[in-house]
Amino acid sequence: MTKPKLSAAEITEQVWCGDLACARADGTPVPQSRGRKLAWRCAKQFPSLRLKFLIAFMCLLWFSAKTNRAAETNQHVPPEGTPAFDPRPLMDKLNERIVTDKYCFAVLGDTKHSVKFPALTQYLDETIKPDFVLTTGDMVAAGGGTVGPGYWEELSMDSGAEFRKRPWWPAIGNHEIASDPIFMERPKSEQQAQMKTNADSGVENFKQFYNLDREYYSFSFRNAIFIALPFPNPQGESFNWLENELKNAKDAGKLIFVWNHCPFFTVGMKSKAEVPNAPTETTKLFEHYGVCAVFSGHDHGYYRTIREGIPYLISAGGGAQIYPGLRKAEALPEDVYYFENPESYKAHVNNKNVKPKYLYHNGVTGKDETLNEREVFMLVVNVDGNKAGARCVTSSGRILDELILSK
């Protein structure tokens, strides 16, 4: 079921109702976005705009204080009485239904409770009809700490029905780990300290929500193996585990698909320290064992590049704000990408009345296009025996990219 279109007043409310914490009347934590919604609803009855924001701000202070007092209540993930969203039982049914090596899966991520996400899931249900879904992380705004359970509850209410229709296999992202939304204007050291403090609870909540043994894992389906990596990248034990998974898959003659949150290559706005756009020990493993494709998220937008024969694709258009393509000069000539236009980004950062514009570049066709409206999109991968192909498609049905994945 799709959500009704928002009125102008509701859109204003959505803009205001962002990411601060609050609690219910009974003292249990609720998603932070709802705290701002409640504050706005308390305030908007007043005629003066200045008074509206003053009342809203006072309400938010009260909601935040109440959340701190209620921090230790209702810490169930998923919410008490709600079974975990375990993809394995649905996968068992899929194995009974599909008896050939012909199937379809979708790849999407970075939704973070967006009002645009239902349009994408509607298109997924009615048109794409994939057999299962891989998510590239950041399905919640903040999955750890005291506010985490509230966000997981919001995800279960907004998307739980979708998770029961077909298997949804998750990769963990930084927002699953974080306790409060991470704002780009905060110092990097503050973001990292926050993530370190809340990592344990974020990982635990992630595992409980999906009934997983750990945050990195693999599963097999028909002629392929699918490997989910930890955030930000495999290290130590998880690196050794990855190499063993890749070796076993290659020895078994399987198609190998890897998915995670932090990309290995980008033209978006993530820094070189985070995404160096250079070979790493992990990418060398992908090359050595002949990975079919690597799917990532994190840098909100779409990017397709082929490095040392391995396709790397960012599918981070599930509804969160599209980031600017600040590193587009690092793209290869044949790359395909969709990000906010960097010039538009600089303009609207300085003037919020300037509407963002989006840059679509297709290095294969030589096409450059400026788009006025933000698209939500997913990757759709079709496997037929030892052949695999992918296309990036928007909720309106527009195809942004098509490529062959199999060697």
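So here's what we get for this one:
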| quantity | calculated |
| --- | --- |
| Enumeration of residues in region 278-300 that are out of contact with any helix residue (DSSP H, G or I) (no Cβ under 7 Å at 6 or more places or on another chain) and either outside the structural domain of R391 (by TED's automatic domain parsing) or assigned to a strand (DSSP E or B) (or both) | A293, F295, S296 |
| Pair list, Cβ < 6 Å and 6+ apart or interchain, from region 164-177 residues that are closer than 12 Å to L229 by Cβ to residues that are assigned to a helix (DSSP H, G or I) | P170/Y210; I172/F206 |
| Enumeration of residues in region 307-332 that are charged (D, E, K, R) and without any contact (Cβ under 8 Å) to a residue 40 or more places away in the chain | E308 |
| Scan of region 266-279 for residues that are surrounded by 12 or more Cβ atoms within 10 Å (Cβ to Cβ) and out of contact with any strand residue (DSSP E or B) (no Cβ under 7 Å at 6 or more places or on another chain), ordered by number | K270, E274, V275, P276, N277, P279 |
| Enumerated helices (runs of 4 or more DSSP H) restricted to region 35-135, each holding at least 1 residues that are at pLDDT 55 or above, under 23 Å from the mean Cα position of the chain (by Cα) and among the hydroxyl-bearing types (S, T, Y) | 117-123 |
| Residue list for region 218-255, restricted to those being under 16 Å from V383 (Cα atoms), assigned to a loop (DSSP other than H, G, I, E, B) and of a type outside the set (S, T, N, Q) | R222, G253, K254 |
| Qualifying residue in region 373-383 (condition: over 24 Å from Q122 (Cβ atoms) and surrounded by fewer than 21 Cβ atoms within 10 Å (Cβ to Cβ)) | no |
| Qualifying residue in region 177-195 (condition: assigned to a helix (DSSP H, G or I), touching an Asp or Glu at 6+ places or on another chain (Cβ under 8 Å) and among the β-branched types (V, I, T)) | no |
| Conditions (1) within 26 Å of D86 (Cα to Cα); (2) buried (at least 19 other Cβ atoms within 10 Å of the Cβ); (3) in contact with a Cys (Cβ under 7 Å, 6 or more places away or on another chain); number of the one not met by A316 | (3) |
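The values are calculated or read from the model by the stated rules, or taken from the named source; none is laboratory data. All values derive from a computational prediction rather than experimental measurement. All Cβ positions, even for glycine, are placed from backbone atoms using ideal geometry, and neighbour counts span all protein chains on display.
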